[in-house]
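These notes concern the structure reproduced below.
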Amino acid sequence: MARIYFGGTIVTMKSEQDTAEAVLTKDGKIVAVGDLKELECMADSNTEFFNLDGRTLLPAFLDAHSHLSMFAHNLAKADLSQARSFQDIVNILTAFRKKNGLFHGEYIQGFGYDQNRLAEGRHPDKFVLDQVSCENPIYISHVSFHMGVANSLAMEQAGITSETTMPAEMIGRLENGEPSGYLAENGMTAIYMQIAKLPLDIHSLYQQAQKIYLQNGICTIQDGAVGKDQFLQLKKLAADHVLNIDTAAYLMLPDSAHKTVQDHLSMLNQYENHLKIGGYKLVLDGSPQGKTAWLSSPYTDGTNGVAWMEDQHVQMFVQQAVDDGIQLMVHCNGDAASEQFLNSYERAINRSDRADKFTLRPIMLHCQTVRRDQLERFEALGMMPSFFVDHVYYWGDIHLKNLGEERANNISPTGWVEALGLPYTFHQDTPVLPPNMLRTVRTAVERMTENGVLLGKEHRLRVYQALKAVTVYAAYQYGEETTKGSIEENKYADFVILDKNPLTIPVEEITDIQVTHTVFRDEFVYKM
């Protein structure tokens, strides 16, 4: 089938001023872009005409980093993002238990609480959760997913006791040595092993999750920390045609990522039923709002965060990625973690004989406190930063408190990468935040915190630059720049249709824009 889109503003993203009057598509691809009369001459009797009716057509957004599986699973949990006190947490979980008819012994899960937004100003503990139930195991995840809280029964079932040997920053302790319920980083492993055994309606949850991405104009999504079993589940979902849009899986190191790739080589950088292996994933530290991001200079309370791995282990995994010729995506929130990754990648490149070693496009994820001198080393490695720029709005006020003014002003330093001419992308790290690209675009342009503080005026972007990060550059990050990211001949007909043009309205109105349609391979997969 052929179709002509016309009657609105078509932003091609080829350049800041490039627009078109019409787009002709056929069989899921773009055939021509140009004047309506010229395209009408190319149409046949079966061509459908779609009138944009004054709306704006853009290339579909690409999610540069999120966790599809985690997001899908979270749809079966209580949403604690609006909790503002311990009592709110108790009330939300109690209502969730009642609504879902959970019997004694059944797990209760919640996600999205933020101690920075609670009246008590601290993490809840097992005593708070025991108020909900002592007969149900309960676990709630922090908004960053780098920490959480379990009730007494959940810890008992996971074998977390006063005898469990882990650092205090990973398992919180009461004065008598008993675990408080607070768990962070590797301290959460035993709980997650319990949760992984729980039955779920997987097909329904993944369909719901994809629908939310589509409602936000996203046609390429990511599952950014996948173990072997999770990948096999994704592959089964793809074979069952549950995955309806392109999904890139990044295999978690030090899990059996290398063997998984070798067993599924046909899926490396190649979609099968809308699923591909995009590369490897490595995590080097935690989150700045939880003060577990690893810094070279301390937080205002004198701590430096948490390093996840020793240098020799990081070097081994980075070397494996380079030697395998596979893109590596590395979580680095703190500048000490960024330094560890950069040093390891530079050594790996120097030791590798691969002819393509500078074309692998390694990704430094989050980059909240990356320094300019570190960004200056990216180009030589072919490395790209992917910024969680919404930190400016959601946690900028917390960063001012925890990091001090200078470092807080330079979180997600997009002005520096623009000056250096580096490509870069944006992400929401969903389910940390919903996959709302328009909120991200506004944040990148305004750089205002939730409390109205301007953070890093020199890092403000123009709207076009912010849109480029979630279209053109995001396609480049995935190695798909010849098929996605802009509206050009021979690329996929993947579009998002907006009720207003973000390039022409006041910045503060960008978050009021509605996604009216999402188009994947020229099929309307979402209509408002």
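Any residue at all in the range 349-360 that is under 27 Å from His142 (Cβ atoms) and either touching a residue at least 12 places away in the same chain (Cβ under 8 Å) or not basic (Lys, Arg) (or both)? Within the range 349-360, none of the residues are under 27 Å from His142 (Cβ atoms) and either touching a residue at least 12 places away in the same chain (Cβ under 8 Å) or not basic (Lys, Arg) (or both).
Out of everything in the range 444-459 that is without any contact (Cβ under 8 Å) to a residue 60 or more places away in the chain and β-branched (Val, Ile, Thr), what residue ends up being surrounded by the most Cβ atoms within 10 Å (Cβ to Cβ)? Residue satisfying both the conditions and the ranking: Thr449. Given the structure, is Asp356 under 23 Å from the mean Cα position of the chain (by Cα) and of a type in the set (D, E, K, R)? So Asp356 does not fit the description; no. Residues considered: Asn350, Asn402. Of these, the only one that is out of contact with any Phe, Trp or Tyr (no Cβ under 8 Å at 6 or more places or on another chain) and at pLDDT 95 or above is Asn350.
Filtering Gly112, Gly101, Gly105 for residues that are modelled with pLDDT under 95, under 17 Å from Gln289 (Cβ atoms) and not charged (D, E, K, R) leaves a single hit, Gly112.
Each residue in the range 411-424 was checked for being closer than 30 Å to Phe111 by Cβ and in contact with a Leu (Cβ under 8 Å, 6 or more places away or on another chain), and 3 pass. Taking (1) more than 30 Å from Ile277 (Cα to Cα); (2) at pLDDT 95 or above; (3) out of contact with any Ser or Thr (no Cβ under 6 Å at 6 or more places or on another chain); (4) surrounded by fewer than 21 Cβ atoms within 10 Å (Cβ to Cβ) in turn, Thr9 satisfies each apart from (3). Scanning the range 20-55 for residues that are within 35 Å of the chain's Cα centre (by Cα) and acidic (Asp, Glu) yields Glu21, Asp27, Asp53.
At least 1 residues being within 29 Å of Met267 (Cβ to Cβ) and assigned by TED's automatic domain parsing to the domain that holds Val389 is the threshold, and among the helices (runs of 4 or more DSSP H) wholly inside the range 434-498 those reaching it are 437-446.
Of the numbered criteria (1) in the same structural domain as His427 (by TED's automatic domain parsing); (2) surrounded by 18 or more Cβ atoms within 10 Å (Cβ to Cβ); (3) closer than 21 Å to Arg361 by Cα, the one Gly279 fails is (1). Being without any contact (Cβ under 8 Å) to a residue 12 or more places away in the chain and under 24 Å from His73 (Cα atoms) is the filter here; which residues of the range 162-195 pass it? Thr189, Tyr192, listed by residue number.
The values are calculated or read from the model by the stated rules, or taken from the named source; none is laboratory data. Since the model is a prediction, treat every value here as computed from it, not as a measurement. As a convention, Cβ positions derive from the backbone with ideal geometry for all residues, glycine included, and neighbour counts pool all protein chains shown.
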